[in-house]
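The block underneath contains the structure these notes are about, expressed in structure tokens.
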Ligand SMILES: [Fe+2]
Ligand SMILES: [Fe+2]
């Protein structure tokens, strides 16, 4: 018998802040899961340079070791942040999946559709104004940016037309206690695998743009358009991290667990 999905979370995932049980297992917990359970952990992980987004599968102890950090100190900081922060404004482990999808569409897909053409325009104008002196660097930036932009447009389309509608149907079927209708792509894990691969590609493009621009360092002769371009690219990076985090660490595991619960029942 299928159960209602309202409080559905993947096995081993607790839906709220750090409990004693979570604290005990924090050291070996994947960093993406820590970020998903405890939003207050996110600024700490970011400040330490720990990738909770596309590198979210890595356990905390290994992520710390890779960066030369003492895991006990990091755990203490995460616990302090979890206990001092108010409860999460929205518990995406408990919210219906349809609501999480709506949030991703409204907050992140709409943002990209508005911001990507604006950034492209700023990049073109910066290249026109500064191409003579800074052409090599700006053309390389343009090439990486356009690749990212094209892949993102196709990616949003696939999520909106294929994956998200299928997840909504699965959730509706589970709520009504009936099996989900068969999807043309088979298991939901198939499109999820593709989406994760594309998220990794986006993360590589963001890292490459940081390299090319020396962490978005402006030259002394940068005009206002160039300044707005770098500010916008920084914002794009921050927004994409949050977007990918919600999908990789919450939506996809919950959708896969929901499908598995239907198969097993
Ligand atoms: Fe998305
Ligand atoms: Fe995505």
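Every number in this text was worked out from the coordinates using simple rules, so none of it is lab data. Every value quoted in this text rests on a predicted model; they were computed, and no experiment measured them. Cβ placement follows ideal geometry from the backbone for every residue including glycine, while neighbour counts extend to all protein chains displayed.
Taking 0.36 nm per residue of sequence separation and subtracting the Cα-Cα distance, how much length would be gained by fully extending the chain between residue 107 and residue 132, in nm to one decimal? Computed gain between residue 107 and residue 132 is 5.2 nm.
Where only DSSP H runs of four or more residues are counted, the chain gives -21000 deg cm²/dmol as its mean residue ellipticity at 222 nm, each run worth -39500 (n - 2.57). Computed on the chain, the Cα convex hull volume stands at 137 Å³ per residue. Length gained on full extension, residue 80 to residue 235: 53.0 nm, using 0.36 nm per residue less the C-alpha separation.
Here the stretch 23-156 yields Rg over Rh of 1.09, to two decimals, using C-alpha coordinates and the Kirkwood radius. Within the listed set 58, 143, 242, the residue fluctuating most in the Gaussian network model of the chain (springs between alpha-carbon atoms under 10 angstrom) is 143. Ordering 42, 192 by the number of other Cβ atoms within 10 Å of each residue's own Cβ, fewest first, gives 42, 192. This ranking places 158, 241 by how few other beta-carbon atoms lie within 10 Å of each, fewest first, which gives 158, 241. Over all directions, the projected convex hull of the C-alpha atoms in the stretch 115-157 averages 2.8 nm² in area. With 0.36 nm allotted per residue and the present C-alpha distance subtracted, the residue 193-residue 224 stretch has 7.1 nm of extension available. Highest mobility in the GNM of the chain, judged by mean-square fluctuation with C-alpha springs under 10 Å and restricted to 67, 146, 178, is found for 67. Axis angle, to the nearest 10 degrees, between helix 71-84 and the longest C-alpha principal axis of the chain: 80 degrees.
Considering the chain as a Gaussian network with a 10 Å cut-off on Cα pairs, which listed residue, 170, 195, 161, attains the greatest mean-square fluctuation? Of the options given, 161 has the highest mean-square fluctuation.
By the count of other C-beta atoms within 10 Å, a proxy for reagent exposure, 164, 93 are ordered fewest to most as 93, 164.
Contact order, relative form, for the chain: 31 percent (alpha carbon pairs under 8 Å, 6 or more residues apart, mean separation divided by residue count). Between residue 91 and residue 175, the modelled label-to-label distance comes to 1.8 nm, taking each label 7 Å out from Cα in the direction of the beta carbon.
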